[in-house]
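**Student:** Once you've had a glance at the structure underneath, I'll fire off some questions.
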Amino acid sequence: MTRPATPTASEDRSAPVPFTQAPPAAIYEMRMLSTAAEREEAAALVQDRQRWLTLHGLPVPARANIPAQFREAQTLSAGLFEDGRLLSCMILEHTPDLGWGQGPCLFLGCVHTLPGQSDDITRLITLWASDFAARLDLHVVRAETLARHALEAEPLAALLRRLTDTGWDVGGSGPGRDGDRVARLELLAEHRPGLRALISCQVHAPQPAPDDRSNA
């Protein structure tokens, strides 16, 4: 009778049990400002940013009370967060008619970033907005920035250069949504599947404006 072979140490080891590792949490989060506390934090961020703009020779809105808009519960406002800290806030619209540009778009209104970190935050917002618009089947994102003087004049020209470096196109200037003169900005929508590992998105899709629905 033949004795069974004694297993070697390597053969005796248990086979590793396969497991699925949870993906790492995203560093940033884009979500709606859904509580009164978050909306008040956004209003305070806007006020801080407007003070910073004034100190650096850049204009602030003359005809609109932006902090008050963020305090209103009916405003479709969103914020970019890092570990619960608000880095930027904005008002989202799905609108076909800004008085400029062709076709419907995702419009980022009243975008304000935390002073001192605006370049990095602007790049994150640009990536997110391009991807979000593509998921809404829109082809372009539009935004406005105040432009009281010629677009070539500093310090506005430096701001516009930073925006174009992140992918925005400057389409001249003219009256903005609130009546102030603005530089008109456009960004092409683009699906970015890998972005969700960096920025999680819990933003509600803005409802199309009436003109948009009638053209559907």
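**Student:** Does region 174-201 hold any residues that are at pLDDT 95 or above and either polar (S, T, N, Q) or over 20 Å from the mean Cα position of the chain (by Cα) (or both), and which are they?
**Tutor:** If the condition is that a residue be at pLDDT 95 or above and either polar (S, T, N, Q) or over 20 Å from the mean Cα position of the chain (by Cα) (or both), then Ser200 is the only one that fits.
**Student:** Surrounded by fewer than 17 Cβ atoms within 10 Å (Cβ to Cβ) and closer than 20 Å to Ala134 by Cβ: does that describe Arg196? Show your work before the answer.
**Tutor:** Details: surrounded by fewer than 17 Cβ atoms within 10 Å (Cβ to Cβ): yes; closer than 20 Å to Ala134 by Cβ: yes.
So Arg196 passes the test.
**Student:** Quick one: which strands (runs of 3 or more DSSP E) sit completely within region 66-171 and have at least 2 residues that are of a type in the set (D, E, K, R)? Explain how you work it out, then say what you get.
**Tutor:** Working: elements: 77-82, 85-95, 105-113, 140-146.
Strands (runs of 3 or more DSSP E) meeting the threshold: 85-95, 140-146.
**Student:** Any residue at all in region 92-101 that's farther than 24 Å from Gln50 by Cβ, within 14 Å of the chain's Cα centre (by Cα) and among the small types (Gly, Ala, Ser)?
**Tutor:** There is no residue in region 92-101 that is farther than 24 Å from Gln50 by Cβ, within 14 Å of the chain's Cα centre (by Cα) and among the small types (Gly, Ala, Ser).
For every residue, the table says whether it meets (1) touching an Asp or Glu at 6+ places or on another chain (Cβ under 9 Å); (2) over 14 Å from Asp178 (Cβ atoms); (3) among the hydroxyl-bearing types (Ser, Thr, Tyr).
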{"position": "Thr54", "(1), (2), (3)": "no, yes, yes"}
{"position": "Pro59", "(1), (2), (3)": "yes, no, no"}
{"position": "Ala68", "(1), (2), (3)": "no, no, no"}
{"position": "Gly79", "(1), (2), (3)": "yes, yes, no"}
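The values are calculated or read from the model by the stated rules, or taken from the named source; none is laboratory data. Keep in mind that what you see is a predicted model, and the values were worked out from it rather than measured. Every residue, glycine among them, receives a Cβ derived from its backbone with ideal geometry; neighbour counts consider all protein chains shown.
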